[in-house]
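Have a look at the structure below before the remarks.
The values are calculated or read from the model by the stated rules, or taken from the named source; none is laboratory data. Computed from a predicted model, the values in this text were never measured in an experiment. Cβ: placed from backbone, ideal geometry, glycine included. Neighbour counts: every protein chain shown. Calculation scope for accessible area: heavy atoms of the full protein, side chains included, ligands and nucleic acids excluded. Shrake-Rupley method; radii C 1.70, N 1.55, O 1.52, S 1.80 Å.
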Amino acid sequence: MIRQAKGKTPRRPPPKKPSNTQKDPVGVYCRVRPLGAEDEECCIEVISNTTIQLHAPDGLKANRNGEFKETQYSFKKVFGIKTTQRELFEDVAKPLVEDLIHCKNGLLFTYGVTGSGKTHTMTGSPGQGGLLPRSLDMIFNSIGPYQAKRFVFKPDDKNGMEVQNQVDALLDRQKQDSQTTIPKTPTTRRIIDPEFADMISPEEACRADGVDEDSSYSVFVSYIEIYNNYIYDLLEETPFDPIKPKPPQSKILREDQNHNMYVAGCTEVEVKSTEEAFEVFWRGQKKRRIANTQLNRESSRSHSVFIIKLAQAPLDADGDNVLQDKNQVNVSQLCLVDLAGSERTSRTRAEGSRLREAGNINQSLMTLRTCIEVLRENQMCGMNKMVPYRDSKVTHLFKNYFDGEGKVRMVVCVNPKADDYEETLLVMRFAEMTQEVEVARPVDRPICGFAAGRRQRNQAFKEELTRRLEERGGPVDGETPTILSQLLQSFPPMPPCEISGPNDDVTLPRLIDALEKRHKIRQMMIGEYNKTANMLKSVLQEQDSNILSKENFIQEQRGKLCEKDKMIQNHKNEIDRLEKKSKMLEYKIDILQKTTNIYEEDKRSLQQELESREQRLQREMSEKRRMEARMQGIVTDAKLKWEKECERRVNAKQLEMQNKLWVKDEKLKQLKAIVTEGKTENRQPQRPSREKDKVPPKRSASPSPVPTGPPVRPLHRRSHSAGGERWVDHTPATNVDLDTVMQPNIPNAIKVTAPSEKALSKCDKYVLTHQEVASDGEIQTKLIKGEVFKTRGGGQAVQFTDIETLKQETPVATSRKRRSAETGPAPQGEPMEGDWTDVETRCSVAVEMRTGSNLGPGYQHHGFPKRKKP
Ligand code: ADP
Ligand code: MG
C-alpha cells in the first residue's frame, strides 16, 4: 500500500504503521502446457496437484552413462494441461485482486522458457483470456458502481495521488473532451475490436467481497517494456512520423518519498471499464509489436510489465463526494509481469548487437535469480547480505515487494517437450528456490474516521427524495418537499387570487399579504430546520469523535499486539539461537568426551607400562642384592686368604732375617778363623746350635755352597728329550677359584703357591697362573710361561717365553669385577706377590736363585726389563 504524503492539517493523528512481522513465502505455481502437435517426447509428468516429475529424455540418458534420472519438484499448486484459464485465475490471481481492492500490493509474474506459455497464461487469447484481462474484469466488477468521476483522482508525477475538487475535475474532463477527436467510449459499450474481443465471457465474471462502499475508486494503468535493461513506456503518446520514426525514449526509475520505486514520467491512464483498460493494454501491445519489428528486436527477450493502480479515498461524511484530503487517499498496485524467456541462449540465432541484447536479457534474469538467492540466504541464515536489486531494472523496480511488503506470486510455465528438458530443469530449480523466500504480509488498511454506510444512506436519501417528489408531482419551485408539507397544509389558506378587474385593489395586496405571511413562516421554519440540522451535526460529530477515539484505542491495542508479537518473535529467535548454541555445545562435549576417552586410554597404557617397569626394577634390585651378597662372600674369602698370606710372608721374612743373622755369624766365624788360623788349622766352623735347630729345612734345601764346582754355561737350555718336560706350576694362593670348566692341566707338574729354588732346580719349565681384571671388568687369567736356566752362580733363572690368556665372560659384567682397593696395598719388599694385578711388572721379573753366593742361602729377585722373544 502506498501511503500518501501528509497534508498540513491532518484530520486525525496518522495511524502508526505497525511493522509487520508476519511473512508469507512467495507463492510459486507451476503450469504445464500441452505438447505441441509435432513434439512427441514428453519429459514431465504431473504426479499430484502439488508435484511434478521430470525425467531425462532418452538422448540425454545415454549421455549420462545410461543413468535413469528422475527429479521431483513441488509447488504450491501444479496445473496440468487441462487447466482452464479460469481455474488458474481463481487460484492464482483472484486473491491478488482482492488484496488490491483492500489496499494491498501484489506482484504476479510468469517465468519460463520461450514457448512455455507465459504470454498465454498472462494475456491469453480471445475466448481464453489470461490472468490480465480477468484481473481487470474482476476489478471493475467489484468497484464498478463506486468509481469516482474521471479526474477526481489525479496522479502527481511523484508516484502519489491527489484528489481534485468537483470543479477542477469537471474542467479537466472538458479539456480532455475537447482534445480528443474521437468520442469517448461509453462504459456500457462492448469493445468490437476482434483482436481482443471476448477475452472473458460474462458468465465467468468475478467479483471481490467486502468492497468498501463508502469509498470512491479509480483505476489507472501503465504498461512498460524492459528491453536490454532499458525501460520503455508503451502508453506514451508520441506524434507519429511515418518518414523518420523516432526511436522510443527510455525511462528511468525513481524512488518516491515512501521509498517505493516507480518509473519516472510513465503514462498512467485512468480507465473506467474492463474494455477500456484492455483497449489501452492492446494499444501498448501493438506499439510493442511495431517497435520490435522496426528495431528488429526479439520480443521473447523483453519483459513486459502491466501495472494496475487502484486509488481509493473515503467519501465525505454526507457520502456525497470524495473526501478532499490527500492523506486519506490509498493507492495499491498490482503488477503483472510477463518475463523474458529464461533460456540461456537465444532460440533464434543471436548475432551482433542482438547477442549483446540477449546477454543483457539474460543478465536481468540472472540478477533476479541472484536477488532471490541472496534473499533466501539472508532469511534462512539470518544474514544481512546486500541484495543486488539495482543490478537490473526488473529487480530494482520490484525491490519494494521483497524488502517491503506485498504478496508475490509466480507462475512457472513449462513445456513438457523433451527438447526443453535441460532448460526446464534450471527453471524448476529456480522456482523451488523462490518458494523459500518470504515476503512481509501487507497489513490491513486503517479505517477512516467516518461512520460506515454513508454511501447507502445518501443513496437511500436521494431515492426517498425522488420518490416523494414524484408523489407530489414534481417539486414546486423554491419549496422543499419534506415531511413538513403536512405542516404547510395547516397554514392559513390562500385567499382567492382571481383578480376581478383592472381596478381590483384588494386581491393583489391580500395575496401579497398572505404570501408574505407564508414567507415569514417559511423563513422561520428554515431557521428551525437549520438549528435542528446543526444540532444533529454536532451530535454526529460527537459520535464521530467517539468512534475516532475508539478506533485510536483499537489502533493502540493493535500496536501493543504487534509489540507482543515482536516480543514473541524475539523470544522465538532467542530460543532458536539458544538451541543452536546448545547443539554446538553438545557437539563440543561430544568431542571432549572422545578426547577424554583417548587420554584415559593413554593413561591406562602408560600405567601398565609403569607397572611393568616397576616390576622389572624390582627384579633388577633383587638381582643386585643377590649379587652384593655374593660379592660380600668373595670379599670375605679374599680377606681370609690375604690374612693367611700375610702370616706366611711374616714367617718368611723372619726366616730371611734369621738367615742373614746366620750369614753374619758365619762371616764372623770365618773372620775369627782367619784371625785364629795359625792357631787352629782345618778347624771346621761350628754353626751355632741355635741356627742349626732353627732352620735345618732351609739349609738342607739350599744346595751346598761348592765354590769349586764345574762351570755352568750361561743360559744353558736343558734338553727336552731327556725324560720329557717338567713344569713348575706356580699358582699364587691369592688366585680366585673361578669355577671354570677349561682348566690348565699340566701332567707331572710341581704345584707351588710360591716359587722355590728346590722346585725350579728339578724342572725346566715354569708357568705362572696370573689373574687380573681386564678392561671390561672381567677377571682374566694369564698363563705366563717361561724356561728355567741354571745361572753361572749356581742358581736358577726363568726366562719368560709366552703368555696364554684365558678369559671368561658372564652376562653380568660387574659381578666378578675386582677392585684394586679391595685387595689392599701389596706388602713392600715382596716382588713375586706384590702388585699382582700389574702383569707388566710380573712379566718383567726374572727369578734368580743362587746357591753358595756370598750372601748365603736365600733367594733374590732382580727386576729386568721384559725380554723380547728372539
Ligand atoms: P511464451 O510466452 O512463454 O513464449 P506462449 O504463451 O507464446 O509462450 O505460448 C506459445 C504457444 O503455445 C502459443 O501458441 C500458445 O497458444 C500455446 N500455449 C501455451 N500454453 C498453452 C496452454 N496451456 N494451452 C494451450 N495452448 C498453449
Ligand atoms: Mg511470450
Considering only the stretch 20-39, state which residues are open to solvent by 10 Å² or more (accessible area, probe 1.4 Å) and in a loop (DSSP other than H, G, I, E, B).
20, 21, 22, 33, 34, 35, 36, 37, 38, 39
If we scan the stretch 798-806, do we find a residue that is within 30 Å of residue 620 (Cα to Cα) and open to solvent by 30 Å² or more (accessible area, probe 1.4 Å)?
yes
Among the candidates 309, 287, single out the residue that is open to solvent by 20 Å² or more (accessible area, probe 1.4 Å) and either of a type outside the set (Ser, Thr, Tyr) or under 49 Å from the mean Cα position of the chain (by Cα) (or both).
287
Of the conditions (1) within 16 Å of ligand 1 (Cβ to nearest atom); (2) modelled with pLDDT under 95; (3) open to solvent by less than 20 Å² (accessible area, probe 1.4 Å), residue 297 satisfies every one except a single condition; which number is it?
(3)
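Residues checked against (1) of a type in the set (Gly, Ala, Ser); (2) closer than 30 Å to residue 403 by Cα; (3) assigned to a strand (DSSP E or B); (4) within 11 Å of ligand 1 (Cβ to nearest atom):
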| position | (1), (2), (3), (4) |
| --- | --- |
| 104 | no, yes, no, no |
| 121 | no, yes, no, yes |
| 136 | no, yes, no, no |
| 144 | yes, no, no, no |
| 158 | no, yes, no, no |
Output yes when any residue across the stretch 494-517 is under 30 Å from residue 533 (Cβ atoms), hydrophobic (A, V, I, L, M, F, W, C), assigned to a loop (DSSP other than H, G, I, E, B) and modelled with pLDDT of 65 or more, and no when none is.
yes
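Residues being farther than 22 Å from residue 363 by Cβ and either polar (S, T, N, Q) or not in a strand (DSSP E or B) (or both): count how many of those fall in the stretch 394-429.
Count: 7.
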So is residue 794 in contact with a Gly (Cβ under 7 Å, 6 or more places away or on another chain) and on the phi > 0 side of the Ramachandran plot or not?
yes
Taking residue 141 as the residue in question, decide whether it is open to solvent by 10 Å² or more (accessible area, probe 1.4 Å), in contact with a Leu (Cβ under 8 Å, 6 or more places away or on another chain), modelled with pLDDT under 95 and closer than 30 Å to residue 327 by Cβ.
no
Can you confirm whether residue 42 is open to solvent by less than 60 Å² (accessible area, probe 1.4 Å) and either within 26 Å of residue 285 (Cα to Cα) or within 16 Å of ligand 1 (Cβ to nearest atom) (or both)?
yes
By residue number, the members of the stretch 389-410 that are modelled with pLDDT under 90 and hydrophobic (A, V, I, L, M, F, W, C) are 402
Any hit, the stretch 418-425, residues being modelled with pLDDT under 85, open to solvent by 10 Å² or more (accessible area, probe 1.4 Å) and away from ligand 2 (no atom under 16 Å from the Cβ)
no
The residue that is nearest to residue 740 (Cα to Cα), considering only those in the stretch 769-783 that are in a strand (DSSP E or B) and hydroxyl-bearing (Ser, Thr, Tyr), is 781
Provide a single number: the residues in the stretch 138-162 that are in contact with a Lys or Arg (Cβ under 6 Å, 6 or more places away or on another chain) and over 16 Å from residue 269 (Cβ atoms).
3
What's the number of the only condition in (1) open to solvent by less than 20 Å² (accessible area, probe 1.4 Å); (2) part of a loop (DSSP other than H, G, I, E, B) that residue 108 fails to meet?
(2)
Among the strands (runs of 3 or more DSSP E) contained in the stretch 216-294, which hold 2 or more residues that are of a type in the set (Ser, Thr, Tyr) and touching a residue at least 12 places away in the same chain (Cβ under 8 Å)?
230-233
Taking the stretch 295-310 and keeping only residues that are within 16 Å of ligand 2 (Cβ to nearest atom) and either among the basic types (Lys, Arg) or in a helix (DSSP H, G or I) (or both), one is left with 297, 299, 300, 301
When you check residue 176 against the structure, is it touching a Ser or Thr at 6+ places or on another chain (Cβ under 7 Å), open to solvent by less than 60 Å² (accessible area, probe 1.4 Å) and modelled with pLDDT under 95, yes or no?
no
Just to be sure I understand, how many residues within the stretch 111-138 are more than 45 Å from the chain's Cα centre (by Cα), buried (at least 24 other Cβ atoms within 10 Å of the Cβ), among the polar types (S, T, N, Q) and within 15 Å of ligand 2 (Cβ to nearest atom)?
1
Taking the conditions exactly as written (under 26 Å from residue 169 (Cβ atoms), assigned to a helix (DSSP H, G or I), touching a helix residue (DSSP H, G or I) at 6+ places or on another chain (Cβ under 8 Å) and at pLDDT 85 or above), does residue 313 satisfy them or not?
no
The lone condition residue 113 fails out of (1) outside any loop (DSSP other than H, G, I, E, B); (2) β-branched (Val, Ile, Thr); (3) within 16 Å of ligand 1 (Cβ to nearest atom) is (1)
Could you list all residues from the stretch 334-344 that are in contact with a helix residue (DSSP H, G or I) (Cβ under 7 Å, 6 or more places away or on another chain) and either away from ligand 2 (no atom under 16 Å from the Cβ) or of a type in the set (D, E, K, R) (or both)?
334, 338, 343, 344
